[in-house]
Amino acid sequence: MAKLIPSLLVTALLGGAVFWVVTEPSEVEGYRFKIADADATRGEAVFLAAGCGSCHAAPGATGEEKLVLSGGQRFETPYGTFIAPNISPHPTEGIGSWGVTDLANAVMKGVSPEGEHYYPAFPWDSYAGMTPRDLVDLDAYLRTLPVSDRPSQKHELLLPLHFRRAIGLWKFAFAREGAPVLAAQDFNVSELRGRYLVEVLGHCSECHTPRNGLTGAPDMSRYLQGGPDISGKGRVPDITGPGLGWSAAEVAGFLSSGMTPDYDSVGGHMALVVDNYAKLPEADRKAVADYLQKVPGPKVATP
């Protein structure tokens, strides 16, 4: 047994070293975000498409209050409750002291200015495909929003999940890092725009793609095919072309009015998504609808 101890120690050290390297937070290439003519007006459209206010506004906020990104909304999952933080321009309680590269690292890499991993409840894995132009414009818009001094609350998670370094393993195993889900193939201009809105800014896959129960990783073989809501309450619908069964015009109309072809009204968190997309150009709603028509549904077993 004594002879095995050195070997076990070496194995443990090597394993620890591999773990440390694999879980090291990665950062964006800062030079890509040195864009001088940041446009807050364009940034507002990015803000709406990305749904930033839908999660980071205070619970129950309405009207102009939804622009005060003080955080506090609670999101229940099998792993505990995630609580949206304050991302208003407050210098200490919010992100007012961040530079544009700090925002890029957070949004596109899931890494805080202190070098810690963010949990994948924050959809950085979808946002990873964001263009530098959109990120810089979003940064410019966020700086125009009201300040809130409300402190962010700590997530209420299962004890092992407090060790954020291990999130690096999740990233290593499952992160897409901005890779498109569907290859462009014969996509036209509208469908390409729709792919960007659905896969990246709208992060639709975060809710509409089923997840592995143990790791919480999305099952991309069933992309946008719906499944149990991660909160444990109800189901999220299939929004693939065949699964939803709506025409492109009906999808675009839903994103404008919140009314389904059967005259049901949208509810839950999706109502916030519709509220955002109703404020975007009609061409963007059409683009989302056109892209979703191209997303394949479940494979039908052959007899």
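The values are calculated or read from the model by the stated rules, or taken from the named source; none is laboratory data. Note that the structure is a prediction, hence the values are computed from the model and not measured. So basically every Cβ, Gly included, is an ideal-geometry build from the backbone, and we count neighbours across all protein chains shown. The protein model used for the area step is the full one, side chains on, heavy atoms only, and it has no ligands, DNA or RNA in it. Shrake-Rupley method; radii C 1.70, N 1.55, O 1.52, S 1.80 Å.
Points to keep in mind about this one:
- For region 172-221, a residue qualifies if it is modelled with pLDDT of 95 or more and basic (Lys, Arg), and the qualifying residues are ARG193, ARG195.
- Hits in region 78-101 (condition: within 17 Å of the chain's Cα centre (by Cα), surrounded by 18 or more Cβ atoms within 10 Å (Cβ to Cβ) and of a type outside the set (A, V, I, L, M)): PHE82, PRO85, ASN86
- Residues that are touching a helix residue (DSSP H, G or I) at 6+ places or on another chain (Cβ under 6 Å) and either farther than 20 Å from LEU201 by Cα or open to solvent by less than 40 Å² (accessible area, probe 1.4 Å) (or both), drawn from region 36-50: ALA40, GLY43, VAL46, PHE47, LEU48, ALA49, ALA50
- Lone qualifier among VAL288, VAL266 - being of a type outside the set (D, E, K, R), at pLDDT 95 or above and buried (at least 17 other Cβ atoms within 10 Å of the Cβ): VAL288
- When residues in region 221-243 are screened for being aliphatic (A, V, I, L, M), over 16 Å from ALA287 (Cβ atoms) and open to solvent by less than 70 Å² (accessible area, probe 1.4 Å), 1 of them pass.
- Pair list, Cβ under 7 Å, 6 or more apart: region 61-75 residue touching a residue at least 12 places away in the same chain (Cβ under 8 Å) and open to solvent by less than 30 Å² (accessible area, probe 1.4 Å), other residue part of a helix (DSSP H, G or I) and of a type in the set (A, V, I, L, M): none
- On the stretch given as region 138-151, residues that are surrounded by fewer than 17 Cβ atoms within 10 Å (Cβ to Cβ) and of a type in the set (S, T, N, Q) total 1.
- For the criterion of being touching a strand residue (DSSP E or B) at 6+ places or on another chain (Cβ under 6 Å) and surrounded by fewer than 21 Cβ atoms within 10 Å (Cβ to Cβ), GLU156 passes.
- Any hit, region 180-203, residues being open to solvent by less than 50 Å² (accessible area, probe 1.4 Å), in contact with an Asp or Glu (Cβ under 8 Å, 6 or more places away or on another chain), acidic (Asp, Glu) and closer than 17 Å to GLY129 by Cα: yes
- Of all residues in region 111-158, those that are more than 21 Å from MET220 (Cβ to Cβ), of a type outside the set (A, V, I, L, M) and assigned to a loop (DSSP other than H, G, I, E, B) total 17.
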